[in-house]
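Accompanying notes for the structure given below.
The values are calculated or read from the model by the stated rules, or taken from the named source; none is laboratory data. None of the values given here were measured: they were computed from a predicted structure. Note: ideal-geometry Cβ built from the backbone for every residue, glycine included; neighbour counts use all protein chains shown.
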Amino acid sequence: MQLHQLRYFCAVANAGSFTRAAEREHVAQPSLSQQVRKLEDELGARLFDRLGRRVRLTSFGHTFLLRAEAILREVSTAKREIEEMSAMERGRIVVGAIPTVAPYFLPQRLASFAAEFPGVHVSVLEDTTPVLLERLQEAAIDMALMALPVPRDQFVCQELLREPLYLVVPRGHRLAGSSKVRLKQVENDSFLLLKEGHCFRENTLSACSRAKVQPNVVFESGQFATILAMVAANTGVSVVPEMALEKRDGCCFIPIADEGAYRRVGVVQLKQHFRSRSQRAFLRHLQQTTRDQEGHLEIA
């Protein structure tokens with residue numbers, strides 16, 4: 001039994017598909033399928049029911065998944081403990097981040113951390129919240145930057161910031177000159193929203209729900225850049241977090257005055273995951289740079 005077989009098995013179990021698991025593991029799908037078959041042969045039990053393109057864990061698979069995940073966590077912990085015995089100036093950290101945080105929050109912080117700790121290699125996995133939580137459970141990443149709260153009790157969370165939400169409207173919109181706005185004021189406007197799977201979509205819908213607004217959604221995208229371009233083209237209005245504000249022709253950003261119109265951003269880690277000195281240093285760096293930056297954002 002090989003560790004990569006356990007990793008592939010867990011990836012298929014979490015993805016529900018051999019194809020998606022192969023994409024996440026960056027391996028050819030036939031090779032991944034073959035390794036899982038070898039694992040089943042060695043165990044003498046079928047771990048998956050193959051249902052066309054989808055798979056479902058058998059009763060044996062459910063039992064084995066708990067053990068496999070625990071083994072992978074223990075191996076990851078052992079590696080981290082060995083790294084801990086060496087100088088903190090060396091090491092590797094794998095950070096997950098959601099797409100509505102990664103490009104805005106991480107670049108400057110990664111650069112300043114690298115300048116302070118040049119021997120610590122930080123790699124970033126950008127994906128949606130459900131995928132990152134799976135990666136944390138598999139010990140494939142050390143921590144994840146995402147919107148809080150997360151709905152599982154096996155994680156420990158540390159809030160970094162509470163970020164206000166802004167309404168973005170076209171330059172010629174009736175509210176373009178407003179200093180503040182309530183979501184009720186755009187109840188009948190065409191609304192542009194992030195696609196399913198992006199947690200900021202839920203932040204926006206929750207803010208609308210608290211304001212007793214049912215948004216008239218006419219367009220959905222996976223990128224803020226696309227949404228802002230559509231707003232600039234006078235297609236509708238949208239909501240963005242403070243860190244996504246940018247100087248863009250054709251757009252006006254207005255603070256939302258509704259109570260609770262903010263999102264919480266924080267670091268999520270698996271409770272049992274070993275935290276090396278380099279990881280703790282990186283977390284402290286995120287906390288310190290976030291505190292230092294508060295109140296220094298220029299709004300376009």
> In region 181-193, which residues are over 12 Å from residue 237 (Cβ atoms) and either assigned to a strand (DSSP E or B) or in contact with a Lys or Arg (Cβ under 9 Å, 6 or more places away or on another chain) (or both)?
Replying inline: 184
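With respect to residue 193, determine if the residue is under 28 Å from residue 290 (Cβ atoms), modelled with pLDDT of 95 or more and either outside the structural domain of residue 13 (by TED's automatic domain parsing) or of a type in the set (A, V, I, L, M, F, W, C) (or both).
Criteria met by residue 193.
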> When you go through 32, 51, 43, 66 one by one, which is the residue that is under 26 Å from the mean Cα position of the chain (by Cα) and either surrounded by fewer than 19 Cβ atoms within 10 Å (Cβ to Cβ) or in the same structural domain as residue 279 (by TED's automatic domain parsing) (or both)?
Replying inline: 66
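Do you know which of the residues in region 221-240 that are part of a strand (DSSP E or B) and either among the small types (Gly, Ala, Ser) or at pLDDT below 95 (or both) is nearest to residue 173 (Cα to Cα)?
Checked region 221-240; the qualifying residue nearest to residue 173 (Cα to Cα) is 238.
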> What are the residues in region 37-92 that are hydroxyl-bearing (Ser, Thr, Tyr) and modelled with pLDDT of 90 or more, if any?
Replying inline: 58, 59, 63
> Do we find a residue being outside the structural domain of residue 73 (by TED's automatic domain parsing), among the hydrophobic types (A, V, I, L, M, F, W, C) and either more than 21 Å from residue 253 (Cα to Cα) or in a helix (DSSP H, G or I) (or both) anywhere in region 170-180?
Replying inline: no
